[in-house]
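Taking it in order: structure first as C-alpha cells, then the write-up.
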Amino acid sequence: MKIISAASAPAAIGPYSQAVVNHGLVYTSGQIPLVPETGDIAEGSIKEQTSQVLKNLAALLTASGSGLSRVIKTTCFLTNMEDFNDFNEIYAGFFADHRPARSCVAVAALPKGALVEIEAIAAVND
C-alpha cells in the first residue's frame, strides 16, 4: 500500500491519508472545497464549491499516477439535494464524456460547513 501526499491538494484535516494506492487502484479520501493555498473553504455557491472539490480530486489523482479519465466510481455527498442539478452541471463538465459509476447522497452536514464532498476510486496509469 502506497500513501499519497500531494501539495497541490488540501492537506488532510484529520488522521487519514489524502489517497492510497493499492493493487493498481487509487482510493481518495473525501475532498471538500478547501483551497490548497489557504486551507479555507472556497467561497460561493454549490457550483463554485463543486469546481474546487473536483480540482482537488484531479490534483490527488494526478499525484497518484491516475486522472479523472481513469475514475471508476465516485461517491458524492451534498448537504442539500436542491443543489443536485447545479452540482451535476459542474460534475459533468469535469468528466466530459467519461461517466464513472456514482452514488450521490444527502447528508446533514460536512466538515467546515462545506456544501459538497466527493471521494473516488480510479485505476492507476500502467
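Quick note: the coordinates plus some simple rules give every number you see, no bench work behind them. The structure displayed is predicted, hence computed values, not measured ones. Here Cβ is always computed from backbone atoms with ideal geometry, including for glycine, and neighbour counts include all displayed protein chains.
When only Cα pairs below 8 angstrom with a gap of at least 6 residues are kept, region 74-120 shows a relative contact order of 66 percent. Per the Cα gyration tensor, region 81-126 maps to an equivalent ellipsoid with semi-axes of 22, 15, 9 Å, ordered largest to smallest. In plain terms, the chain is cut at each of the GluC sites (Glu not before Pro) found in a DSSP loop with at most 10 other Cβ atoms within 10 Å, and the longest leftover piece is 44-126. Here the convex hull built on the C-alpha positions of region 11-126 has a volume of 96 cubic angstrom per residue. Mean projected area of the Cα convex hull of region 57-111, taken over all directions, amounts to 4.2 nm².
Calculate, for residue 123 and residue 13, the FRET efficiency according to 1/(1 + (r/R0)^6) with r their C-beta to C-beta distance and R0 25 Å; round to the nearest 0.05.
Efficiency for this residue pair is about 0.40.
Note on the chain: helix-only mean residue ellipticity at 222 nm, from DSSP H runs of 4+ residues weighted -39500 (n - 2.57) and normalised by residue number, equals -8000 deg cm²/dmol. Scanning residues 5 or more positions from residue 110 or on other chains, none has an amide H under 5 Å from its amide H, with H placed 1.01 Å from N in the peptide plane. Per-residue 3J(HN,Hα) values for region 18-28, derived from phi via the Karplus relation 6.51 cos²θ - 1.76 cosθ + 1.60 with θ = phi - 60°, read 4, 7, 9, 9, 8, 6, x, 10, 10, 10, 8 Hz in sequence order (x marks Gly and Pro). Compared with the dominant principal axis of the Cα atoms in the chain, helix 46-63 is inclined by about 10°. Relative to the longest principal axis of the Cα atoms of the chain, the long axis of helix 84-95 makes an angle of roughly 30 degrees. As a calculated quantity, the FRET efficiency between residue 20 and residue 92 at R0 = 25 Å, using C-beta atoms, amounts to about 0.40.
Of all aspartates and glutamates in the structure, those lying under 15 Å Cα to Cα from residue 112, and not within fewer than 8 positions of it along the same chain, are 40, 43.
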